[in-house]
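Down below is the structure, laid out as structure tokens.
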Amino acid sequence: MRVKHLLGHQSLKYKNALRATGEVIMPFKRPRPPPVPHATNSSSTSTLLSTNHEHKRLRRGCLHGIKAYILSAKIDGAEYEILIGEAEENGAELCKTPAEADIIVTAIGMKKRLERHIDWNMAKGKAVVRPDWIRDSVKKSEALPCGDYAAISDLLDSSIENCPESSSSQSQPPDQAEASTSQHQSTKESTLPDLVYEPRYKSRFACERYSPLICPNQDLVKELHIIKLAREMESEERSALSYSRAISAIKAFPEKIKSMSQISDIPYLGDKLTGMIQEFLSKSTISQARQLSSDTRYQTLISFTSVYGIGPHTARHLYDLGLRTFDDLSRYLGSDDNAEGSGGSFAWREGLRLRDELSVKIPRAEVEEMGRLVDNALQDILPGSESTICGGYRRGKLESNDVDIVFTHPQGQGNKANNMIARLVERMRKDGLITHTMHAPSVRSKGSLRPPTNHDGWDTLDKSLTIFNLPKTSPYYKGIHRRLDLIYAPREVYWTAVVGWTGSTMFERDLRLWAKQKGLKFDSSGITRRRDTKALYATSERDVFKLLELEWIEPRLRNADL
DNA sequence: CACCGCTTACC
DNA sequence: GGTAAG
DNA sequence: GGTG
Ligand SMILES: Cc1cn([C@H]2C[C@H](O)[C@@H](COP(=O)(O)OP(=O)(O)OP(=O)(O)O)O2)c(=O)[nH]c1=O
Ligand SMILES: [Mg+2]
């Protein structure tokens with residue numbers, strides 16, 4: 001069962017869950033400028049972009065509404081970051097592929113060179129301008145005529161013809177729908193466009209229900225969540241699962257529950273849960289949840305398990321030893337830990353330092369920035385590779401606890417890409433972007449701290465759990481380390497991997513349960529028939545659903561947890 | 001009364 | 001096999 | 001703790 005929640009105190013690394021691959025342990029020359037990648041097409045799919053267009057539409061900049069693609073080739077890394085920042089700050093919508101853009105910004109001045117990155121016929125259908133178009137437009141606070149900035153003389157006429165106009169003087173978007181619902185707390189409602197859909201909540205499977213990020217009964221769900229966590233802390237997994245399912249089912253229910261008669265069609269609400277809901281209707285709280293919230297054991301176990309590598313079992317053990325605070329924990333690990341010969345003094349001291357940073361949530365814009373940097377590194381290693389940011393970001397969360405990126409190799413050549421993960425991580429480590437990788441063998445003596453690349457014979461490694469750090473030149477740089485999960489999937493199973501890593505957790509569990517019931521087996525590395533174990537390959541995300549005989553559910557309606 | 005997701009990594 | 005993680 |  002999963003346990004990690006969020007919590008922002010001080011902390012501590014347990015034994016050897018972390019391996020530093022950069023700073024601290026090995027003195028790599030620190031942050032070099034960001035990669036100077038040559039991204040062309042590549043990169044995230046448009047499904048990603050469907051949810052990301054416009055989050056920060058506070059004031060509209062002079063480039064508002066313009067879809068721009070900035071070609072990083074021939075642009076210095078730092079310069080590239082600045083351009084991206086300027087474009088985004090001024091309202092431009094940055095595209096991951098040139099195909100989606102209205103305007104392409106490039107420092108390349110020769111037709112032949114540009115053709116290596118962008119299809120010529122596509123370029124002729126758009127404006128193609130030099131980077132100073134952005135700078136000058138920002139300076140003048142208006143999107144300037146593209147004709148004056150055409151990157152290539154052959155594209156002058158088409159750039160004039162296809163020059164996009166900013167919509168910065170238009171009226172405001174539909175930003176209502178928040179005053180109407182009497183929602184108290186939650187200072188951050190979704191800024192993403194509202195979803196319109198016909199509710200679906202009666203199925204036993206989360207993968208057949210529409211589960212929005214925030215539901216009308218969010219407060220009820222939060223109370224139940226506390227009880228669920230408590231069950232997890234005590235390793236009462238079946239009980240925890242029941243609460244998870246109830247939470248999941250309620251999340252898909254489209255109305256605020258005002259009377260018990262409404263809930264009869266919601267699955268997974270038996271006697272116990274029904275009673276709790278009844279209590280919640282009259283008191284707006286659930287006594288058991290209130291009680292747990294102020295319970296020392298509960299609080300302590302929650303905080304201990306917030307340390308990477310410490311689960312419920314270890315947390316209870318530490319609690320039984322009498323430890324109650326991170327300071328206690330720190331002291332204990334600092335001494336007793338040595339008895340086991342894993343003197344990770346600085347390693348977990350480092351983990352302690354990082355834990356505070358890792359508890360800080362990541363805004364969408366920064367997630368996207370990280371996605372760009374990963375993709376840039378990816379293009380450098382194997383041009384034509386593709387990547388998709390999955391996880392909570394893809395489901396529309398405004399802030400994420402980490403970033404999950406699934407990527408695959410280019411279409412043509414297949415298994416040239418065996419140690420993709422290792423190569424990508426190594427590349428990003430050298431760039432100063434990845435500072436640590438999780439799943440360290442051990443931190444013991446200095447010898448075992450080897451870079452993530454030399455352990456030979458690990459071609460099968462398909463994912464890497466890392467700690468990432470933006471370059472100082474990035475406009476989003478806050479000096480805060482971030483958790484980054486990189487997942488490699490061979491082309492044939494790319495879309496199942498994307499579905500598998502988009503979540504949410506309950507959605508994934510029910511997807512597998514559903515598949516089993518259909519005589520299939522689903523996991524992020526593919527769909528197989530249980531009979532003959534024959535693999536079924538999906539050619540798109542929707543195809544994954546089709547193969548499983550499921551109706552399509554868009555990522556933003558897969559929020560079956562919380 | 002049986003079942004409840006499924007895989008990988010470390011110890 | 002147990003624990004933790006996704 | 002709920003369900004087929
Ligand atoms: C934690 C967890 C994740 N997953 C899958 C589904 C998740 O969407 C995906 C990524 O996991 P997470 O990154 O842990 O969660 P998240 O991306 O949904 O939300 P956030 O990062 O903001 O906390 O991995 C599981 O299958 N089981 C689990 O226990
Ligand atoms: Mg995530």
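Yes/no matrix, rows are residues, columns are (1) in contact (Cβ under 8 Å) with a residue 12 or more places away in the chain; (2) over 28 Å from A:Gln411 (Cβ atoms); (3) open to solvent by 70 Å² or more (accessible area, probe 1.4 Å):
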{"residue": "A:Thr505", "(1), (2), (3)": "yes, yes, yes"}
{"residue": "A:Phe522", "(1), (2), (3)": "yes, no, no"}
{"residue": "A:Arg531", "(1), (2), (3)": "yes, yes, yes"}
{"residue": "A:Ala538", "(1), (2), (3)": "yes, no, no"}
{"residue": "A:Glu541", "(1), (2), (3)": "yes, no, no"}
{"residue": "A:Lys546", "(1), (2), (3)": "no, no, yes"}
{"residue": "A:Glu551", "(1), (2), (3)": "yes, yes, yes"}
Review point. Would a scan of the stretch A:273-295 turn up a residue that is of a type in the set (Lys, Arg) and open to solvent by less than 40 Å² (accessible area, probe 1.4 Å)?
Key: no
Exercise for review: Collect the residues in the stretch A:374-398 that are in contact with a strand residue (DSSP E or B) (Cβ under 9 Å, 6 or more places away or on another chain), open to solvent by 20 Å² or more (accessible area, probe 1.4 Å) and within 16 Å of ligand 1 (Cβ to nearest atom), keeping them in residue-number order.
Suggested key: A:Arg395, A:Leu398
Revision key, fill the gap. Scanning the stretch A:359-373 residue by residue, the ones that are assigned to a helix (DSSP H, G or I), surrounded by 20 or more Cβ atoms within 10 Å (Cβ to Cβ) and among the hydrophobic types (A, V, I, L, M, F, W, C) total 3
Practice item. Run down A:Ser284, A:Ser242 and say which single residue is within 16 Å of DNA strand B (Cβ to nearest atom) and in contact (Cβ under 8 Å) with a residue 24 or more places away in the chain. Key: A:Ser242
Point to revise | Residue among A:Lys251, A:Lys258 that alone is under 17 Å from A:Ser211 (Cα atoms), more than 10 Å from DNA strand D (Cβ to nearest atom), modelled with pLDDT of 95 or more and of a type in the set (D, E, K, R) | key: A:Lys251
**Study point:** Test result for A:Ser43, crowded, with 22+ Cβ neighbours inside 10 Å and at pLDDT below 70
**Key:** yes
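The values are calculated or read from the model by the stated rules, or taken from the named source; none is laboratory data. Since we're looking at a predicted model, the values are computed, not measured. Because the Cβ atoms are built from the backbone with ideal geometry, glycine has one as well, and the counts that use them run over all protein chains shown. Surface areas here come from the heavy atoms of the whole protein model, side chains and all, with no ligands, DNA or RNA. Shrake-Rupley method; radii C 1.70, N 1.55, O 1.52, S 1.80 Å.
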